[in-house]
Structures are given as structure tokens and as C-alpha cells.
């Protein structure tokens with residue numbers, strides 16, 4: 001009887017380690033968190049990684065051989081903290097910065113083609129999943145325009161477990177030239193996708209092993225078109241390009257970000273792989289002053305300027321710089337709302353700064369240094 005009992009315990013604990021999980025809204029990005037990810041774009045590296053096949057059985061994915069070509073570090077803040085909450089009423093989270101600092105977790109919004117242009121991405125996180133609400137660029141040819149998605153593109157649907165399937169269509173249009181008396185041109189992007197939770201198991205990345213993950217296969221067709229209208233009358237519509245993509249998101253409980261995202265083409269050949277590195281935990285509650293800080297240029301080569309909002313008290317204020325490992329790099333007192341920081345002695349990478357005053361108000365931000 002004892003042997004039977006021990007055998008039962010062994011089987012029970014083994015099955016517990018290989019249990020299917022359910023992804024809920026509690027596993028989506030959180031307010032205030034900064035997620036650091038690495039991306040490997042080297043063909044010889046990403047193509048040898050096996051994504052496996054859809055299966056109801058436990059699988060083990062080994063991505064430990066991936067390298068890093070660049071870092072991304074999106075920080076999620078509350079849309080109510082921005083000046084554009086009224087323009088994006090469905091949004092409760094936003095990210096801001098140059099497109100180069102975003103992760104690939106951005107759907108079909110055009111952050112990947114904006115290079116160093118700064119801009120906002122607006123998101124909606126609720127019990128049914130994570131969606132793109134819209135975006136706004138601060139620089140570039142089509143800056144200062146509020147672009148909303150209608151319908152919104154779904155990035156992760158919840159709750160989700162093995163066998164769950166979500167279908168979605170997303171659409172946004174960008175006005176190229178608006179002239180009351182002639183033809184107006186619009187760039188239109190539309191996606192049609194299926195999100196299928198088709199596998200589960202464990203995954204090993206260069207940084208960590210996650211014993212329980214759910215794989216979501218995103219099969220997406222993206223259409224880019226040009227429309228011309230006079231008023232409400234359609235003059236012409238032309239399809240510019242059409243792409244079929246396969247993306248695979250591996251998601252674990254309590255990480256709040258995909259632990260790995262594989263980007264593959266229509267033939268299921270891997271083109272790039274992003275993997276989770278670490279998180280900078282949630283920042284303190286947002287203070288009563290209207291803004292945090294603005295740093296420019298960002299990324300920076302030698303010197304940057306940090307501008308502090310007028311509502312922040314400068315009494316006994318100081319600024320600290322930390323690297324990704326949390327090591328203090330710089331600490332100095334400040335007395336001006338415009339802070340010049342010389343980064344010539346800094347190594348290339350992502351740094352986080354904290355500005356604090358005598359009454360406990362805190363401002364946080366990040367800067368990327370390139371050489």
C-alpha cells in the first residue's frame with residue numbers, strides 16, 4: 001500500500017509540473033512597469049530554433065541559443081496622465097518614445113517604420129484582453145495627428161487556455177493630405193487575424209526557464225491600401241501590399257509580458273525572435289503634478305537634457321541614474337528644471353533615472369545611450 005501511495009504522489013507531482021495554464025487579464029502588462037526585452041534578428045540563429053507543432057501534449061521549447069542584437073524597453077503609463085486621454089477614451093495604458101525603444105508587441109501599428117520619431121501608443125487592457133486603441137506621432141511627416149483603430153486590433157485575448165481561439169479584424173487610416181476643394185488621400189491599414197492557443201509546455205530562453213507557458217499562434221493577413229475621396233465620395237482605392245505573417249507568443253502566468261515572441265513569414269520561416277529579459281517594477285503612484293519628465297535627444301550619443309514639469313518642487317531635489325542591473329551610476333543634486341547630463345563616460349545601453357525632492361515626490365524616466 002505504501003508503494004502505491006508513493007507512486008501516486010510521484011505521478012501527481014509530475015503532472016502538476018506539466019499542467020496546462022490559463023492566461024487572464026492578471027497576466028497582461030501592468031501600469032508603471034518597464035519591460036526589458038532582447039531581440040535576435042540573425043538568420044543563422046533564429047532559423048535553427050524549432051517552434052514545434054500544434055499539440056495537446058506537453059512540449060519543451062529550447063531557445064537558449066538565441067543572441068541579442070538590440071534591447072527594447074517599453075514603459076506602460078496611465079493614459080489619464082497624458083494630454084490625449086479625451087482623444088483616446090477607450091485607452092487606459094500608453095507607451096511613449098522613439099519606435100526603436102518599443103518592443104515588437106505592437107501589432108500592425110506603424111511603430112516599426114518610424115525609426116527615431118517619438119510618439120505615443122495607446123492601449124486598452126481589460127478582462128477580455130489587450131488591444132491597440134491608436135497612436136500619435138510627435139515628429140515626422142504626419143506628426144500631431146490622433147489616429148484611432150476602428151475596430152481595435154486584439155493582441156492577446158483573455159481568458160485563454162489550450163484550445164481557445166480568437167478572431168479579430170483591426171483597421172486604422174492615416175490622412176495624407178486634407179484639402180477641402182480637391183481629392184483627399186488616406187493610407188489605410190487593415191488586419192485580419194486568428195489567435196489560436198495551439199500548444200503548451202515549458203520554454204528555455206537565454207535568461208530563464210519557464211516551466212509552464214501557453215503558446216498563442218497569431219496568423220495574420222495585413223493589407224495596406226491607398227484611398228482617395230472627395231468629401232464622402234470614394235474616388236479610387238488601391239491595394240499597395242499584402243503580407244501574411246505567423247507570430248508565436250509564449251506566455252506565462254505572473255510575468256505580465258510575453259516571455260518570447262517568434263516572428264515568422266508566410267512559409268513559417270523565423271525572421272526574428274524577441275525574448276523577455278527583466279522588468280523594472282511599478283513606479284510609485286502618479287503625483288498631482290501634470291507630467292513626469294521629457295528627455296531629449298533620446299537615444300543620446302553624448303549629452304541629453306531632462307526637462308522637469310513646473311509642478312515639481314525642486315527643494316533639495318536630486319537625480320540618480322541606474323543601469324539595468326540596478327547599479328547606481330550617477331547621483332547629483334539639481335536646482336534647475338533643465339538638467340544637462342553628459343553621458344560620454346557611460347557605457348552603451350539603457351539607463352533609468354529617478355528624481356526625488358524633499359517632500360517625497362518622485363519622477364522616473366529612461367534613456368538609451370548609443371555610441
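The listed residues are 253, 270, and the only one of them that is under 21 Å from residue 70 (Cβ atoms), surrounded by 15 or more Cβ atoms within 10 Å (Cβ to Cβ), in contact with a helix residue (DSSP H, G or I) (Cβ under 7 Å, 6 or more places away or on another chain) and in the same structural domain as residue 30 (by TED's automatic domain parsing) turns out to be 270. Among the residues making up the stretch 337-367, those that are free of Cβ contacts under 8 Å to residues at least 60 places away in the same chain and over 17 Å from residue 323 (Cα atoms) are 337, 338, 339, 340, 356, 357, 358, 359, 360. Of the residues in the stretch 193-244, how many are crowded, with 19+ Cβ neighbours inside 10 Å and free of Cβ contacts under 8 Å to residues at least 24 places away in the same chain? Final tally of qualifying residues: 0. For the stretch 62-86, enumerate the residues that are closer than 30 Å to residue 201 by Cβ, modelled with pLDDT under 90 and over 19 Å from the mean Cα position of the chain (by Cα). The answer is none; no residue qualifies. Does residue 255 satisfy the condition of being within 19 Å of residue 164 (Cβ to Cβ) and in a loop (DSSP other than H, G, I, E, B)? Spelling it out, residue 255 is indeed within 19 Å of residue 164 (Cβ to Cβ) and in a loop (DSSP other than H, G, I, E, B).
The values are calculated or read from the model by the stated rules, or taken from the named source; none is laboratory data. Keep in mind that what you see is a predicted model, and the values were worked out from it rather than measured. No Cβ is skipped: glycine too gets one built from the backbone with ideal geometry, and neighbour counts run over all protein chains shown.
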